[in-house]
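One structure is given here, and the rest of the page talks about it.
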Amino acid sequence: MTVLIVEDDLLTAEVVRDSINWSFFEINKVEMAHNVLGAKKIFSENIPDIVICDIEMPKGSGLDLLKWVRENNLKSEFIFLTNHENFDFASEALEYNAISYITKPFDIAKTEKAISKAVDKIKKENMTKQFSEYGKYWLENKRVIVSDFWKELLFFGIPAKRAEILNEIKKRKISVGPENLYRIILISVLKSENEDFFWDEKTFEYAMIKFSSEIISGDLDFEHIIYYTTERNYYVAIMLQDEKESDGIKQRCDEFIELYKKYFKYDAACYISGNVALENLAEKRMKLEEIDAENFVLRNRTFFENDAELLNVSKQYSFNTGELVELFEKGEKIKIVNFVKKELEGLVSQNALDASTMYSLHHDFMQIAYSFLHKKEIQAHKLFSDKTSQKLNLKADNSVFDMLKWVQFVAFKTVDYVDEVKKSQSIIDKAKQYVNEHYKENITRNDVASSVFLTPEYFAKMFKAQTGFTIKDFINQCRIEKAKDMLKNGDASISEIAFEVGFDNFSYFSTVFKKITGTTPQLFRKKDEK
């Protein structure tokens, strides 16, 4: 692999080059450029696998280089080094699929971690190419009838009645022994911990089934294995017939977990049901999923269905509200994240984190953030009404990773917006822009206040103090300016113009027009025509 270091400061570039053990990461060539133009020249000769890049440089920024690389469909992984902990920089870098964003001063450990992440991503993409050929073959030739039978049986598509099941086996002409007992091995992988996967869905499905079949089933018979997903998990369910050796099954599951961690770099958990008749398998699948839903801590382990009590947490827990409120008041967004991280790590170390505790912590944190925003006269439900906020909020209870992702998002957005409100001019500018874009509509003070996420009363005071206008007067001022332009430069009737600029009453339009301009619309047009 090759690396390109793009840094306008020669000393910093050399420190980065000389501080990393590149051979450890299987990187055999490191080049340097000191501006975007030099970097593009190197790209024209040999496309580097990884780019370690400063953001702010003369003659073009690192973000400009990243955009150019993406526009030209080049696959290099970008790691940014910057002096500024700027959310906008980080957001734009992530938007163009930069893999890491590290603030200076240069930290060897953080940089090596980012390089390791980039190398793993590149290797996974190479693995995907290998798997895709096999995946395509499998998709075209898989034994649909048997696997569909198991999927329908496990999800009540076939009624859990022996006569109904026997009829389906006979109708489909499949080799499933109706008198035998079966057990389910349920493999669970958290989606949040696998976000760096670059598999397409079908290839990942094939890889998971192939991997689990070889290790747990001991063969390549995919008929008795199904793959499915939920909001939180990737699941593989393996149906084993008349398996008596529980210890042997556990040993194979433990081996799967170990190898999955080694080759896929993430955690998996396995759950083993008891032996039951076919008509009871759907209930067993549900029970194993319920056990998994409580498992936030012991992911690299194998459980039997009777081990559920290991994952139950009896004691109640809540945040130190006073400390969190104080951190919000001080605007310490990083300390807020670290506070929650420390609390979660403590619960994990004590095996004291289950679904109920996670739910409580999620909503306790939101209550603290919302109360803080309410105190600042900011409408929290408006501030967090965008799709990104809703998506992260819905996923927050899924895992520790998802919870911390949500906490960081809320902490940064809350503190940053409170700071923005303190610099009231930027809020006023946004409100004015909203009026200029919506003046034709029947907008009110509440609508304008909502556009900047503030309570109407608080925003009205701020707006009047900054502009000298009430919000209503400013809206009318904007409308009349638009009307004056239309009276000068068009031949539409005055009543049409009134309607076009947001007045539904011609008489009121004339009254407001005269109040602001000192003359009527008719006289204004005549005077302009002269």
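One residue stands out in the stretch 494-517 among those that are without any contact (Cβ under 8 Å) to a residue 40 or more places away in the chain and outside any helix (DSSP H, G or I): the one that is surrounded by the fewest Cβ atoms within 10 Å (Cβ to Cβ), namely ASN505. Find the residue count for the stretch 153-176, including only residues that are at pLDDT below 90, touching a helix residue (DSSP H, G or I) at 6+ places or on another chain (Cβ under 9 Å) and exposed (fewer than 15 other Cβ atoms within 10 Å of the Cβ). Number satisfying all stated conditions: 3. Step by step: first the residues of the stretch 350-370, then only those that are among the small types (Gly, Ala, Ser) and in contact with a Phe, Trp or Tyr (Cβ under 9 Å, 6 or more places away or on another chain), then the one that is nearest to GLU294 (Cα to Cα). Which residue is that? Residue satisfying both the conditions and the ranking: ALA355.
Considering only residues that are modelled with pLDDT under 90 and outside any helix (DSSP H, G or I), look in the stretch 449-490 and name the one that is surrounded by the most Cβ atoms within 10 Å (Cβ to Cβ). This residue is LEU454. The requirement of being among the aliphatic types (A, V, I, L, M), on the phi < 0 side of the Ramachandran plot and not in a strand (DSSP E or B) is satisfied by LEU259.
Scanning the stretch 231-254 for residues that are basic (Lys, Arg) and either modelled with pLDDT of 85 or more or in contact with a Ser or Thr (Cβ under 8 Å, 6 or more places away or on another chain) (or both) gives ARG232, LYS250, ARG252. Within the stretch 102-122, the set of residues being of a type in the set (Val, Ile, Thr) and assigned to a helix (DSSP H, G or I) comprises ILE108, THR111, ILE115, VAL119, ILE122. Check the stretch 269-285 and report whether any residue there is charged (D, E, K, R) and under 27 Å from the mean Cα position of the chain (by Cα). The answer is no, given that none of the residues of the stretch 269-285 is charged (D, E, K, R) and under 27 Å from the mean Cα position of the chain (by Cα).
Close Cβ contacts (under 6 Å, 6 or more residues apart or on different chains) running from residues in the stretch 156-181 that are under 15 Å from ALA277 (Cα atoms) to residues that are part of a loop (DSSP other than H, G, I, E, B) and of a type in the set (S, T, N, Q) comprise LEU181/ASN275. Set side by side, the residues ASN300, ASN312 differ, and just one is modelled with pLDDT under 90 and surrounded by 14 or more Cβ atoms within 10 Å (Cβ to Cβ), which is ASN300.
Scanning the stretch 16-37 for residues that are in contact (Cβ under 8 Å) with a residue 24 or more places away in the chain and buried (at least 16 other Cβ atoms within 10 Å of the Cβ) yields VAL16, ILE20, PHE25, ILE27, VAL30, GLU31, MET32, ALA33, HIS34, ASN35, VAL36. Please work out if VAL348 is at pLDDT below 90, outside any helix (DSSP H, G or I) and β-branched (Val, Ile, Thr). Taking the combined requirement at face value, the residue does not satisfy it. Of all residue pairs spaced 6 or more apart or on separate chains, those with beta-carbon atoms under 7 Å, a first member in the stretch 422-440 that is in contact (Cβ under 8 Å) with a residue 40 or more places away in the chain and a second member that is part of a helix (DSSP H, G or I) and of a type in the set (D, E, K, R) are TYR439/ARG479; TYR439/LYS482; LYS440/GLU500.
For the stretch 46-59, check the following and say yes or no: at least one residue is in a helix (DSSP H, G or I), among the hydrophobic types (A, V, I, L, M, F, W, C) and out of contact with any Pro (no Cβ under 7 Å at 6 or more places or on another chain). Within the stretch 46-59, none of the residues are in a helix (DSSP H, G or I), among the hydrophobic types (A, V, I, L, M, F, W, C) and out of contact with any Pro (no Cβ under 7 Å at 6 or more places or on another chain).
The values are calculated or read from the model by the stated rules, or taken from the named source; none is laboratory data. Note that the coordinates shown come from a computational prediction; the quantities given were computed from them, not determined experimentally. FYI the Cβ positions are ideal-geometry reconstructions off the backbone, even for glycines, and counts take in every protein chain you see.
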